[in-house]
Amino acid sequence: MSRALVLFSGGLDSILAARLLMVQGVEVLALRFVTPFFAADVGDPERYAAAIRKKYGIPVLVRDLSHDFMGVLRAPAHGFGRNFNPCIDCKILMLRKARELLAELGADFLATGEVLGQRPMSQRRDAMRSIERESGCEGLLLRPLCAQLMQPTEPEQKGLVDRERLGSLSGRGRTGQQQLAASLGITEYPAPAGGCLLTDVNLCARFRHFAPGIFNLSSVEMQVESFRLLLFGRHFAPGPGLWLTLGRDQGENDRLAALREPEDWLLTTVERPGPLGLLRSLGGTLTEASLTAAAGLVLRYAKKVNGRAEPGLVRIRGKGFERESCFAPLDEESAQELQGVQETVRGRTCPD
Ligand code: SF4
């Protein structure tokens, strides 16, 4: 029996690709990559794998791709899509990583749920071929949903897969996928969940603003932890080279606390509920003025007293440093001067 490693996005197309192979007797292992930008629906990998297996009969392996993905984000050889999505380089990376796992996982070939012509950037025939080449997957990569429209691959030539029983879907319509799902007995389609935040117009604006902007992130090597911070909260530069993120609710406060690094400072209100402030140095020095501005921002978004932001105690904790002092809330004009882009980031489902 042959074994296929299927790049799995959790969407209908990759489910169909896996099932099309399974009905031919190919043993399938689905590979789901996660980063801070996509696959947020995975959550706990073991639970996720159990749920997919129960629902679709497909075994799934979850792998974290965050650190490798950072290299792609810093300098994508094929550039970005309409927003901050480096789709072609993203696919090359995923395929390369998957190919490197073939021997370890005992798989004979790779498969994806791609459909020729479905996406303008990464699913044109020429882009698909260059992705194959650059990932070192020439001949090894089968696209079961549109295989009959592509050159025969090694698994087809070796008789590991029957080409006649593969698909010939193309274009952006979904009718073919719906018919195929019905023929495979798949009646419940996965709800789009998580999505790829890099396709979000607001996140794109945020990166454009931040990378060359007030936080001067381009001067430091962007780490995955910094990107995680950019995905939520309110952002400010309370001083040169200093970056303050405020949680907008308890959930964001908890996320911020979990992202704290040893060198970060945490700011909290003492007398009334308020945002957690996470202050990070990007090469800047914490001065009394920047600390006052950061504490003033925390108080500005703390619970109001008689409808007004009032002075109050703010506790500041850093490495070997703890202090509690009374500060005044920052007024609107000063806050705006220190403000970054504040849109809510939603993301769209990864097309692949
Ligand atoms: S949309 Fe999909 S292919 Fe594009 S960057 Fe996001 S996860 Fe990668």
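Derivation of every value follows stated rules applied to the coordinates shown; laboratory data play no part. Since the model is a prediction, treat every value here as computed from it, not as a measurement. Neighbour counts are summed over all protein chains in view; Cβ atoms, including those assigned to glycine, are modelled from backbone coordinates with ideal geometry.
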* Considering only DSSP states other than H, G, I, E and B, which trypsin sites (Lys or Arg not before Pro) in segment 75-111 qualify as loop sites with at most 14 other Cβ atoms within 10 Å? -> ARG82
* To do: In nm, give the distance between the simple-model label positions of GLN339 and GLU27, each being 7 Å from the Cα along the Cα-to-Cβ direction.
  => 5.8 nm
* Structure fact -> Kirkwood-based Rg/Rh on the Cα set of the chain evaluates to 1.08
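What is the packing order of peptides 259-272, 284-297, 140-153, 9-22, taking the mean over residues of other C-beta atoms within 10 Å and listing the highest first? Before the final figure, lay out each step's value.
Working: 259-272: 15.9, 284-297: 18.8, 140-153: 21.9, 9-22: 23.7.
Top of the packing list down: 9-22, 140-153, 284-297, 259-272.
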* Near the amide H of ALA4, under 5 Å away, which other amide H atoms are found, from residues 5 or more places off or on another chain, if H is placed in the peptide plane? -> GLU27, VAL28, LEU29, ASP108
* segment 239-270 residues near the modelled GLU324 label - backbone nitrogen below 18 Å, point 7 Å along Cα→Cβ -> 266-270
* Between THR175 and ARG124, what FRET efficiency follows from the Cβ-Cβ distance if R0 is 25 Å, with the result rounded to 0.05? -> 0.75
* To do: Provide the per-residue ³J(HN,Hα) series for segment 304-314, in order, calculated from phi with Karplus coefficients 6.51, -1.76, 1.60 and θ = phi - 60°, each as a whole number of Hz, with x at glycine and proline positions.
  => 6, 10, 6, x, 10, 6, 10, x, x, 7, 10
* Structure fact -> The answer for ARG63, listing residues at least 5 apart or on another chain whose modeled amide H is closer than 5 Å to its amide H, is ARG32, PHE33, VAL34
* Rounded FRET efficiency, nearest 0.05, which uses the C-beta distance separating ARG260 from VAL305 and R0 of 22 Å -> 0.20
* DSSP bridge pairs, segment 3-183: antiparallel proportion in percent, nearest 5 -> 0 percent
* Under 5 Å, built H, 5+ apart or other chain: amide partners of CYS196 -> ARG348, THR349, CYS350
* To do: Report, to the nearest 10°, how far helix 125-134 tilts away from the longest principal axis of the Cα atoms in the chain, using its own Cα long axis and a range of 0 to 90°.
  => 80 degrees
* Please give the FRET efficiency for GLU154 paired with ALA205, using the beta carbon to beta carbon distance and R0 = 45 Å, rounded to the nearest 0.05. => 0.55
